[in-house]
Amino acid sequence: MRRANGRRSAVSLLLAAMWTLAAPAFAERADRDKPLTLESDRMTADESRKIATFEGKVVLTQGSLIIRAEQIVVRQDSEGFQYGVATGNPATFRYKQDTAGYIDGQAMRIEYDSKADRVEFFTDARLRRDSGDDIRGDFISYDARSERFTVKSSGEASGTNREGRVRATIVPKKPAPGVSSAPDGQRN
């Protein structure tokens, strides 16, 4: 009986930890009530250390959220906060925001810290929106509490070389139908 309870406890820990890795505060709220599915070639769990490792073509789905990685490691601290690390070449995710359509992201490593409510993307980091907005850097951090992004590059780039620099493309929003885009009622 202890073994069955231990498995249920490990599964509960894994599901809770995976959700916190997969669904940061900016994900669609409806996804939180949907079943979580995780597929991998291998999984190991250490109940005493509250750590689980999924390896080999890992795919996590929950509602509109999809994370793909070569490895996802999740752990829970003594206070119940969860931490997750997804690694790949690159690790990718896609999810739907409540109001802004889909966001796609990728990095060699993606980390989530539920205590700080922060998601960090390391090495070749990129976030894209359906609207065309695109941001790239070597490091991207999103603080869900303050709704603030920080993007950093690896160093200085010289001349016309754009490698090693933060790069952002922001697409202007299209006016609503019937709304003039000319300033102060001027006609084009």
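Take the Cβ atoms of residue 94 and residue 144, set R0 to 22 Å, and the FRET efficiency comes out at 0.80. Net length available on complete extension from residue 152 to residue 102 is 15.7 nm, with 0.36 nm assigned per residue and the Cα-Cα distance removed. Of the GluC sites (Glu not before Pro) found in region 46-109, those in coil by DSSP whose Cβ has at most 13 other Cβ atoms within 10 Å are 47, 79.
Full extension of the segment from residue 43 to residue 59, taken as 0.36 nm per residue of separation minus the current Cα-Cα distance, would add 4.5 nm.
Once the chain from residue 129 to residue 167 is taken as fully extended at 0.36 nm per residue, the excess over their C-alpha distance is 12.2 nm.
Quick note: the coordinates plus some simple rules give every number you see, no bench work behind them. This one's a predicted model, so the numbers in the text were calculated from it and none came from an experiment. So basically every Cβ, Gly included, is an ideal-geometry build from the backbone, and we count neighbours across all protein chains shown.
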